[in-house]
Structures are given as structure tokens and as C-alpha cells.
Amino acid sequence: MKKTRRYWGPIMLMMAALSACTGVKTFTTAARPGETVALAIGRQTDLKRANVTVTITPATGPAVVYPPLDTRVRSILNLYPDPVSKAIVLQRTDNPTSTGTSIESWVTYGDPDWWQTFMLLDLPTGIAPGAATISITDALGAVITPASVEVLSGESTRNGFAFNQFGYTFSADSASPQLRAPKDFERATQYVVEFAGDTIPHAVQIEFSHTPSVGAAYVVNPRGDLKNVTWSDDGSNLKVFITPSTGLTTTQIKDFKFYVAGGLTGLSQTHLKAYDQLGVPVSGVTATITQH
């Protein structure tokens, strides 16, 4: 149970960390050499293990450097809030003092797609006890505030993220290829589709072309409580239709954001139509496509 709590514990701290953008302490705040800790590293949009270098500077002795793809960086994953948490519900029911209002105003700048990025990290073995500093350098330029951890005396082992099911205990360190958590909780390659315009439409229909026979289309709606996303793909053409879930026009155009995953390549917009609540075309609505 101790290891299970250590894995899921960051979820409980996610909203506080999101409000602060980047945590300055690991979770837990103290650990022995070799154990796994979690760092709240802000809301990162394109942070990957292949691009990060981690430097751990102990209280005494030389720094330990984890190069990109070092196996001691266990995962870089995004944690989302409960969709019926008070932060989300109050923010959408006109409570200007809610935590969610602060997040959307000062952290995501109007984007309703909230998450907190965490790095799960194994501490080096053999480092000296005392306060250690963990610094992360991203080759793509993400700025991450260093964090600290109190290294305790002794030695231990990394978290295997074990869980019990059907009377058996499974672990991420198992040889089974089906048990690759927590790495499998990292984001797949995806396209982000976002919209802009002076007039907020009631509905949007957007079409794309993509490289035939490469990948399998998978459209993701990050906020199903705000909008409905209907889509179809014939292997080279993708159509997406977006309407508000309440039947009322949304108050911000950023609510229309969605993702396209599944390993597609060459995604390119071919048509875009926007309509008001009466079905009248709305002009000036544009879309941007960003690959991550």
C-alpha cells in the first residue's frame, strides 16, 4: 500500500501545484537513495524524456547527471483533475473566486484543458544525505524551476508501481510487455487543433487530409462536459463536427480545442465552416494545427 500511495499521491496535490505552476519540493519531500519521487513541473505542453537532462546536486559530493532517455527518469505524465471536482464545477457555474477561475485566468490563459505535468524520478544510489537540488534542462527550451528533496540516510529501491488484481501482484518492473506503466501514461504524438475568431460560433465543422494508410485516426475531446465532438475518417480524410454540450453557444472560442492522435502524418486542414445557433455561417473563424 505504501508504494501505491506514493504513485497516486501526486493526484491529490495536482490542483495546488497547478495553481503554483511549478512545485519547489518533490513528493514526498524526503526519500532515501534509490527511491522514486515525483516533481510537479508546471503545465508542460511538449516535454519528453528524449529531450530532458536531469542534474541532481547532493548536499556534498559531485552532481549526478541523467542524460536524455535515462531509465531513472521513469515517466513524464500529465495528471488531470476530477471532472466533477469543485474547481471545475464552480468555475463553470459563475463563481469568480473558485480555484478553477484562477487556474484558467493565470495558468492556462483561457484554455479549459487543465493538467499538471509530473516527472517520476528515481534518486541516484549512493548520494550523500542532506538537501539535494534537482534541476531539469529541456532541449526545446522549457523553463522549469529547480526542486529540492531531503535525502535520508540508508539505501532503498525504486518504486515498482505494483498493483493487485485477480489475487496476483503485478509490477511495472515485470518482464510482461503489457505492464509498461508509468511510461505508457506519457502522451502519444498528437496534433493540437485550436480555433480563433472575433465571433464565437455555435458549431464548427472542420475537415483534414492526411497521409493515406499511416496510423489510425483517433480524435480526443479534452472537455466532454463543454462540447460534443463527432468525427469520421476514411483513411485519408478526417471530418470533425463540434457542438456545445449544453445546446447554448459557449462563451469562449478556446472551448473548441481538440486533439488528433493515432500516429497520423501530414495532417492538413482542407475545409472549415462555422455556424451560429440558427445555422447561419460565421465568418472569420480560423484554426491552427500544431504537432507535438
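The values are calculated or read from the model by the stated rules, or taken from the named source; none is laboratory data. In this text, all values refer to a predicted model and were calculated from it rather than measured experimentally. Here Cβ is always computed from backbone atoms with ideal geometry, including for glycine, and neighbour counts include all displayed protein chains. Heavy atoms of the whole protein, side chains included, go into the accessibility calculation; ligands, DNA and RNA do not. Shrake-Rupley method; radii C 1.70, N 1.55, O 1.52, S 1.80 Å.
Taking every residue in segment 278-289 that is touching a residue at least 40 places away in the same chain (Cβ under 8 Å) and pairing it with any residue that is in a loop (DSSP other than H, G, I, E, B) and hydrophobic (A, V, I, L, M, F, W, C), at least 6 positions away or on another chain, the pairs with Cβ-Cβ distances below 8 Å are ILE289/LEU267. For ASN228, the conditions (1) farther than 18 Å from GLN291 by Cβ; (2) open to solvent by less than 60 Å² (accessible area, probe 1.4 Å) all hold with the exception of (2).
Taking the residues in segment 1-47 that are part of a loop (DSSP other than H, G, I, E, B), more than 11 Å from SER148 (Cα to Cα) and open to solvent by 70 Å² or more (accessible area, probe 1.4 Å) as candidates, determine which candidate is modelled with the highest pLDDT.
Per the stated criteria, the residue is ARG32.
Considering segment 147-160 alone, what residues qualify as being outside any strand (DSSP E or B) and open to solvent by less than 20 Å² (accessible area, probe 1.4 Å)? ASN159, GLY160 - these are the residues of segment 147-160 that are outside any strand (DSSP E or B) and open to solvent by less than 20 Å² (accessible area, probe 1.4 Å). Looking at segment 191-213, which of the residues that are touching a residue at least 40 places away in the same chain (Cβ under 8 Å) and assigned to a loop (DSSP other than H, G, I, E, B) is farthest from THR249 (Cα to Cα)? Checking each candidate, the answer is THR211.
Can you confirm whether segment 90-108 contains a residue that is surrounded by fewer than 21 Cβ atoms within 10 Å (Cβ to Cβ) and at pLDDT 95 or above? No: zero hits.
Taking the numbered list (1) out of contact with any Pro (no Cβ under 9 Å at 6 or more places or on another chain); (2) open to solvent by 30 Å² or more (accessible area, probe 1.4 Å); (3) of a type in the set (Gly, Ala, Ser) in turn, SER236 passes all entries but (1). All conditions in (1) closer than 22 Å to ALA139 by Cα; (2) of a type in the set (A, V, I, L, M, F, W, C); (3) open to solvent by 10 Å² or more (accessible area, probe 1.4 Å) hold for MET119, with the sole exception of (3). If a residue has to be without any contact (Cβ under 8 Å) to a residue 40 or more places away in the chain and not small (Gly, Ala, Ser) to count, how many in segment 42-65 make the cut? Of the residues in that region, 2 qualify. So is THR290 on the phi < 0 side of the Ramachandran plot, open to solvent by 50 Å² or more (accessible area, probe 1.4 Å), part of a loop (DSSP other than H, G, I, E, B) and polar (S, T, N, Q) or not? Criteria not met by THR290.
The C-beta contact set for segment 228-255 (first residue farther than 26 Å from THR93 by Cα, second residue loosely packed, with under 15 Cβ neighbours inside 10 Å and polar (S, T, N, Q), distance under 7 angstrom, 6+ apart or interchain) comprises GLY235/SER213; SER236/SER209; ASN237/SER209; LYS239/SER232. Evaluated against (1) closer than 17 Å to ILE289 by Cα; (2) surrounded by fewer than 16 Cβ atoms within 10 Å (Cβ to Cβ), ALA217 falls short on exactly one condition, (2). Residues in segment 200-214 that are open to solvent by 50 Å² or more (accessible area, probe 1.4 Å) and touching a strand residue (DSSP E or B) at 6+ places or on another chain (Cβ under 8 Å): GLN205 alone.
Does segment 204-224 hold any residues that are of a type outside the set (D, E, K, R) and in contact with a Lys or Arg (Cβ under 9 Å, 6 or more places away or on another chain), and which are they? Of everything in segment 204-224, those that are of a type outside the set (D, E, K, R) and in contact with a Lys or Arg (Cβ under 9 Å, 6 or more places away or on another chain) turn out to be VAL204, GLN205, ILE206, PHE208, ASN221, PRO222.
Could you tell me whether ALA196 is modelled with pLDDT of 95 or more, touching a helix residue (DSSP H, G or I) at 6+ places or on another chain (Cβ under 8 Å) and exposed (fewer than 15 other Cβ atoms within 10 Å of the Cβ)?
yes
Restricting segment 161-173 to residues that are of a type outside the set (S, T, N, Q) and not in a strand (DSSP E or B) leaves a set whose member that is most open to solvent (accessible area, probe 1.4 Å) is PHE166.
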